[in-house]
Amino acid sequence: MARAAESRKKRPKSWNLAVRLPRVDVDVAAVEDNVETSVHPSQDDPQCYRHVPHSLHPYALFPVEPDGRARELIHFMHNEGEYLYRPFRNEWFAMAVIDCTAFYLSLANAALFFHQMAQRKGCEHSDFEESSAYLSLCLNQVTERLGKESDHVSDGVITTILGFLCHDSSVGRWDRFDVHMKGLKDILRLRGGFQALNRTVVMFTSWFDIVRASVLDCRPRFLLPADVFAPIVQHDISSPSMQDLIVRIRHFSDELAETAIALERTAQLATFVNNNAQNPLFWKDGATAAKRITPVLHFLLSLRRPTDSGSCSNYSTELMLSEVVRLALLILVASVKQAFSLIADELTILQQRFSALLYTAPYDTHFPELSLWAIIMVASVRSNESNQLHASAVVKLMRGMGIRSGRTAVDIAKCLIWIDECMETNVARFIFDIDRASCSFETGYRD
């Protein structure tokens, strides 16, 4: 499960909880002997993926007959979902209930969350006896199935590995994440790719691929399956200013052609967010968010970087501008992920790299409004941090563009790509920083 945003928790008016540490006396041998018969292949019941359960009913049918304690944990997950949002909770459960190995992982997660709430500590399955016992069952079955030629590349094994990736990313164990991702890549290679895999499994595989690539700012491991992430064609969704800018960029230089595409795709994402931001349920639909964010991030992470040339000097103005825009768009998308309570561990390092780039990027005379937008947008995403460097850079652009106030500069930026939910909180303070930097600049200039 991904991290749940504290600001989006809705707690009940009252909560009475009797805490008891149950005995963990699962018959491991009996369970492992019954691995093959308890697995429900997805191809036998493809409908099970199409309807995500809104209720984790403790008396539903499961791949392994749960005992009383397991049913209590399932019931706990259902009740917790009424007031605590965990991204992908229902989607993951819909996948886990058709495979015994993944089901034991879901019980390990449920036990972990239960004891976290009861004891206010712990973040790993190994921190609690009960969650560790369920995880051991899961790991033993994974090991056994990987050793069987008939089962080592099965949907159930892939689903379980996706569960590992979800947990690893939520606790920041990227070393363990990389091991699991390598294993998943090997399995998909043996299968011949994504074909015959369920769309939900493909979506999560691509999602965790770009989650890790975002943290490293490297190219994704996998190509995007066109049938799952088909391009969303939307015409005339951008402002006239944005449309005019994209046309000018495309006609100016082939080196900026991909930058124009990146701006257009991110603008579509921003429009989608802005059109739905007032609906509280919108921010609790992590699966829809992932489907929209994944193709945009995949494209941004696949773009050429200045370091690709192998030289640290003689970068063209166009290449430096494209890198400024690429980093700004990555920061924007990371802020959208944060708003959806999704993993965005890359945000801080991207902001630091963007600030460092401001020192070296040459002033662009062809598209100054694009540089202006990038700086203002990034500064508006930052919170409780000094924006003096960004404000000074904006003032230099303002002088070249004949702009006299911070409010006017921000209004120009808002006409390009802007998401109120992610940026509006800090923009008033940044306008103040711009005007203060402008006064200091004018005073120094007169002296």
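The values are calculated or read from the model by the stated rules, or taken from the named source; none is laboratory data. Only a predicted model underlies this, so the values are computations on that prediction, with no experimental measurement involved. All Cβ positions, glycine included, derive from the backbone under ideal geometry; neighbour counts span all protein chains shown.
For the range 126-137, the count of residues that are under 23 Å from the mean Cα position of the chain (by Cα), in the same structural domain as residue 181 (by TED's automatic domain parsing) and not in a loop (DSSP other than H, G, I, E, B) is zero. Determine whether the range 141-150 contains at least one residue that is modelled with pLDDT under 90 and part of a loop (DSSP other than H, G, I, E, B). Yes, because at least one residue in the range 141-150 is modelled with pLDDT under 90 and part of a loop (DSSP other than H, G, I, E, B). Among the residues making up the range 92-119, those that are modelled with pLDDT under 90 and not aliphatic (A, V, I, L, M) are 92, 93.
May I ask you to verify whether residue 250 is in the same structural domain as residue 345 (by TED's automatic domain parsing), surrounded by 15 or more Cβ atoms within 10 Å (Cβ to Cβ) and charged (D, E, K, R)?
It is true that residue 250 is in the same structural domain as residue 345 (by TED's automatic domain parsing), surrounded by 15 or more Cβ atoms within 10 Å (Cβ to Cβ) and charged (D, E, K, R).
Of everything listed in (1) modelled with pLDDT of 95 or more; (2) within 30 Å of residue 368 (Cα to Cα); (3) part of a loop (DSSP other than H, G, I, E, B), the single unmet condition for residue 220 is (2). Restricting attention to the range 70-89, the residues that are on the phi < 0 side of the Ramachandran plot and in contact (Cβ under 8 Å) with a residue 60 or more places away in the chain total 7.
Residue by residue, here is whether (1) touching a Phe, Trp or Tyr at 6+ places or on another chain (Cβ under 8 Å); (2) modelled with pLDDT under 90; (3) assigned by TED's automatic domain parsing to the domain that holds residue 332 holds:
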| position | (1), (2), (3) |
| --- | --- |
| 182 | no, no, no |
| 195 | no, yes, no |
| 202 | yes, no, no |
| 211 | no, no, no |
| 256 | no, no, yes |
| 262 | yes, no, yes |
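The set of residues from the range 90-124 being surrounded by fewer than 24 Cβ atoms within 10 Å (Cβ to Cβ), in contact with a Leu (Cβ under 9 Å, 6 or more places away or on another chain) and over 23 Å from residue 287 (Cα atoms) comprises 114, 115, 117, 118, 122, 123, 124. The helices (runs of 4 or more DSSP H) located wholly in the range 265-360 that include 2 or more residues which are touching a Pro at 6+ places or on another chain (Cβ under 6 Å) and over 18 Å from residue 379 (Cβ atoms) occupy 286-302, 317-339. Is it the case, given these coordinates, that residue 203 is under 30 Å from residue 82 (Cα atoms) and out of contact with any Asp or Glu (no Cβ under 6 Å at 6 or more places or on another chain)? Against the criterion (under 30 Å from residue 82 (Cα atoms) and out of contact with any Asp or Glu (no Cβ under 6 Å at 6 or more places or on another chain)), residue 203 qualifies. Considering 317, 288, 360, the condition of being β-branched (Val, Ile, Thr) and free of Cβ contacts under 8 Å to residues at least 24 places away in the same chain is satisfied by 288 alone. Can you pull out the residues in the range 253-264 that are assigned to a loop (DSSP other than H, G, I, E, B) and in contact with a Ser or Thr (Cβ under 8 Å, 6 or more places away or on another chain)? Result: no residue meets the conditions.
All of 386, 371, 405, 355 fail the test of being surrounded by 15 or more Cβ atoms within 10 Å (Cβ to Cβ) and out of contact with any His (no Cβ under 8 Å at 6 or more places or on another chain), apart from 371.
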